[in-house]
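Contents: one structure, followed by commentary.
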Amino acid sequence: MILCVVFKGKGTLYQEISQRINSAHVSIGDLLRREMEFKTPLGVHVEEVMRDGKLVDSAIIIRLLRDTLQKLPGKHVFVDGFPRSVQNAIDFYAVCGVPECAVWLDVSDEVLVTRLLNRGLSSGRIDDNRDVISKRLHVYRTAIEPLRAHFIRVGLPVYVIDASKSVEHMTQQFFEIPYFKRKMVEEKHKD
């Protein structure tokens with residue numbers, strides 16, 4: 001079973017969630033950065049794409065995701081940062097099936113830019129600078145509304161969480177979602 005989580009903002013929410021329900025977290029950004037770190041041919045290509053603030057090709061992400069998911073049989077999986085376009089979603093369904101739901105962490109552009117710039121000060125990430133962030137936000141805004149409409153069209157439940165709040169508040173909102181409320185109760189009954 002796969003839970004599709006579209007993060008826009010605080011990825012730290014997952015740490016709180018994983019303490020309450022048995023699940024795995026797959027960050028697409030981390031998978032791509034690992035390829036870049038090891039300087040694989042794929043990593044060199046990904047670095048060029050990310051430096052320009054563009055989206056990495058869906059086929060590349062699907063291949064990395066498929067390889068990772070094969071190592072997590074039977075787990076609930078949070079996919080962080082993918083899909084980011086309708087074509088990404090269609091490719092995702094073909095390999096992984098339609099997810100249980102999508103959770104949108106929504107935050108204003110101003111808050112997001114501040115967070116990314118602050119992260120860039122400590123992370124050294126090539127894509128955490130004002131120019132690239134601006135390009136990424138434009139790409140995101142262009143793709144996100146059609147993606148949300150697509151999810152609704154295919155009957156995928158879409159839940160929105162206000163990511164401008166604290167992690168504790170977001171965690172509370174998250175566990176108000178019926179699917180996750182049920183999972184938390186199931187986990188408690190296992191003990």
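The values are calculated or read from the model by the stated rules, or taken from the named source; none is laboratory data. Quantities reported herein were computed from a predicted structural model and do not represent experimental measurements. Ideal geometry is used to build each Cβ from the backbone, glycine not excepted, and the neighbour counts take in all protein chains shown. Areas reflect the complete protein model, heavy atoms only, side chains present, ligands, DNA and RNA absent. Shrake-Rupley method; radii C 1.70, N 1.55, O 1.52, S 1.80 Å.
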Could you derive backbone 3J(HN,Hα) for region 29-42 from the dihedral phi with the Karplus parameters 6.51, -1.76 and 1.60 (θ = phi - 60°), listing whole Hz in sequence and x where the residue is Gly or Pro? x, 5, 4, 5, 5, 5, 4, 5, 4, 7, 6, 5, x, 5
Under-5 Å amide H pairs with residue 54, H placed in peptide plane, nonlocal only: none
Could you list which residues have their amide H under 5 Å from that of residue 80, counting only those 5 or more apart in sequence or on another chain, with H placed in the peptide plane? 26, 27, 28
Relative to the longest principal Cα axis of the chain, at what angle does helix 58-69 sit, 0 to 90 degrees, rounded to 10? 40
Relative contact order (%) - the chain, alpha-carbon pairs under 8 angstrom, separation at least six: 32
Accessible area of region 20-141 belonging to carbon and sulfur atoms, whole % at 1.4 Å probe: 52
Against the longest alpha carbon principal axis of the chain, how many degrees, from 0 to 90 and to the nearest 10, is the axis of helix 86-96 turned? 60
Quick one: which residues, 5+ away or cross-chain, put their amide H under 5 Å from the amide H of residue 161? H built at 1.01 Å from N. 104, 105, 106
Taking the Cα centre as origin and putting +1 on Lys and Arg beta-carbons and -1 on Asp and Glu beta-carbons, what dipole magnitude results for region 4-141, to the nearest 20 debye? 140
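Is the shape of region 64-191 best called rounded, prolate or oblate, per the rule: a/c under 1.5 gives rounded, else a/b larger than b/c gives prolate, else oblate, with a ≥ b ≥ c the square roots of the Cα gyration tensor eigenvalues?
Working: a/c = 1.61, a/b = 1.32, b/c = 1.22.
Verdict is prolate for region 64-191.
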Counting helices only, and only those DSSP H runs with n ≥ 4, report the 222 nm mean residue ellipticity of the chain as the sum of -39,500 (n - 2.57) divided by its residues, in deg cm²/dmol to the nearest 500. -18000 deg cm²/dmol
With respect to the cross-link table entries 39/135; 75/190; 75/135, which display a Cα-Cα separation exceeding 26 Å? 75/135
Roughly how far apart, in whole Å, are the Cα centres of region 109-135 and region 45-104? 22
